[in-house]
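The values are calculated or read from the model by the stated rules, or taken from the named source; none is laboratory data. Every value quoted in this text rests on a predicted model; they were computed, and no experiment measured them. Here the Cβ is made from the backbone with ideal geometry for all residues, glycine too, and neighbour counts use every protein chain on show. We work out accessible area using only protein heavy atoms, side chains counted, and drop any ligands, DNA or RNA first. Shrake-Rupley method; radii C 1.70, N 1.55, O 1.52, S 1.80 Å.
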Amino acid sequence: MTIRAALLAGFLVILGVWLASAFYFTSYLASSQARNVEIQTRFARGQALLFAVRSQVMLGSIYLRDALIEGRDLAASENAVDQLRSFQRQVRQELEQYRAIDSVVDSAAWGRLQKELDDYWEAAVGLVTPESGKTIETSQARLAAQVIPKRDVITRLSDDIEEVMDEAFGREQAEFVEANRQVRRRIW
């Protein structure tokens, strides 16, 4: 074997190792970026869902208050019931879609949030549904005793779920950073 052949063989081996490392690194980088995007997307989707739940509940409270202020106007009551049911459907649909893709938050927490939301919407609709003998005082008492506490429970539950999501996001990001550090170390 000549020196030229040995140098060529050595160069080809180094080139092969370099190309293999580059291929390994780029394929890992691509899968790593895809995983990071998935983590970011799931986190953002969860945050958006919780914001939507809170917004719909608060908006429902406003419609409920407006309907109670307007009193016994049947058209206003029917409009308020329709609007509250629309909010309920939107929130339920969002929760069902998110629960299907979220494995971070315990399904019992989502189930409890869904139950509280259903109870909230039923209590709210019950307040604006026209009934004989219902006075503004009884409506206000039911609002204070049934609807407002449920709204507060929903807010606390969504805060708890958000906290779990934040912790899971932090853990996933830390695992992601550690995996990338290990890959860089292996490549070097």
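Label zone of residue 65 (point 7 Å out along Cα→Cβ, amide N under 18 Å): in the range 152-171 this covers 152-156. Taking only C-alpha pairs under 8 Å that are 6+ residues apart, what is the relative contact order of the chain in percent? In percent, rounded to a whole number, it is 30. When both the range 1-80 and the range 112-187 are represented by their alpha-carbon centers, they are found 22 Å apart. Accessible-area rank, largest first, for 37, 105: 37, 105, with all protein chains present and a 1.4 angstrom probe. Using a probe of 1.4 angstrom and keeping all protein chains present, the accessible surface of the chain works out to 62 square angstrom per residue. Quick check: at a probe of 1.4 Å, how many percent of the accessible area of the chain sits on carbon and sulfur atoms? Roughly 61 percent of what the probe reaches on the chain is carbon or sulfur. Over the range 32-188, the Kirkwood radius and the radius of gyration, each from Cα atoms, give a ratio Rg/Rh of 1.17.
Assuming charge only on the beta carbon of Lys and Arg (+1) and of Asp and Glu (-1), the dipole of the chain about its Cα centre is about 1080 debye to the nearest 20. Using a simple spin-label model with pseudo-atoms 7 Å out from Cα toward Cβ, residue 30 and residue 159 lie 4.6 nm apart. Taken about its Cα centre, the range 27-77 carries a charge dipole of about 260 debye when Lys and Arg each add +1 at the Cβ and Asp and Glu each add -1 at the Cβ. Restricting the chymotrypsin sites (Phe, Trp or Tyr not before Pro) of the range 1-92 to loop positions (DSSP other than H, G, I, E, B) with no more than 15 neighbouring Cβ atoms within 10 Å leaves nothing. By a 1.4 Å probe calculation restricted to protein chains, residue 14 has an accessible surface near 120 Å², given to the nearest 10. In this simple spin-label approximation, residue 78 and residue 2 carry label points 7 Å from Cα along the Cα→Cβ vector, and these lie 9.9 nm apart. For the chain, the mean residue ellipticity at 222 nm estimated from helices alone is -32000 deg cm²/dmol, where every DSSP H run of n ≥ 4 contributes -39500 (n - 2.57) and the total is divided by all residues, rounded to the nearest 500. Ordering 60, 125, 161 by Cα displacement along the dipole of the chain toward the positive end leaves 161 in first place; charges were set at the Cβ atoms of Lys, Arg (+1) and Asp, Glu (-1).
How much length is gained on full extension from residue 96 to residue 15, taking 0.36 nm per residue of separation minus their Cα-Cα distance?
So the chain would gain 23.9 nm between residue 96 and residue 15.
Whole-Hz Karplus values for the range 36-46 come out as 4, 4, 4, 4, 4, 5, 5, 5, 4, 5, x Hz, taken residue by residue from phi with 6.51 cos²θ - 1.76 cosθ + 1.60 and θ = phi - 60°; glycine and proline positions read x.
Among the GluC sites (Glu not before Pro) found in the range 111-170, those both in a DSSP coil and sparsely packed, with 14 or fewer other Cβ atoms within 10 Å of their Cβ, are 131.
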